[in-house]
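Participant: This is the structure, below, for whatever I ask next.
We did not get these values from a lab; they are worked out from the coordinates using the rules stated. Small disclaimer: the values here were computed from a predicted structure and weren't measured. Cβ sites come from the backbone with ideal geometry, for glycine too, and all protein chains shown count toward neighbours.
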């Protein structure tokens, strides 16, 4: 698939360039291909579970980026939590901030479905 960035929206063009730079870098690492995560899928079902924990409607999600060390290389890993709106702020739903009898415990963190294990068809962001 030939990639062209002519006449793309500036945000999309930025994403294409940054994702290509990331793919080029990670492919140079001496690690197994199945550990070279280039994206994460969150299905509607995943998001519904995350945003409707225990029957309560949350107001958003926040993604945190962590590192996993593989073969001496640090690889980014994504972790997503549900958030509750409080005025103009969104507060994470995390076990340390919730009473032990809370209905939110257990489903407050989602790691997504990583690609290469769960990839879509080839496009400008993933080829």
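Participant: If I take R0 = 25 Å and measure r between the Cβ atoms of residue 74 and residue 20 in this structure, what FRET efficiency does the formula 1/(1 + (r/R0)^6) give, to the nearest 0.05?
Facilitator: The formula returns an efficiency of 0.80 here.
Participant: Place a point 7 Å from the Cα of residue 127 along the Cα-to-Cβ direction; which residues of region 15-33 have their backbone N under 19 Å from it?
Facilitator: Only 15-27 pass the distance filter.
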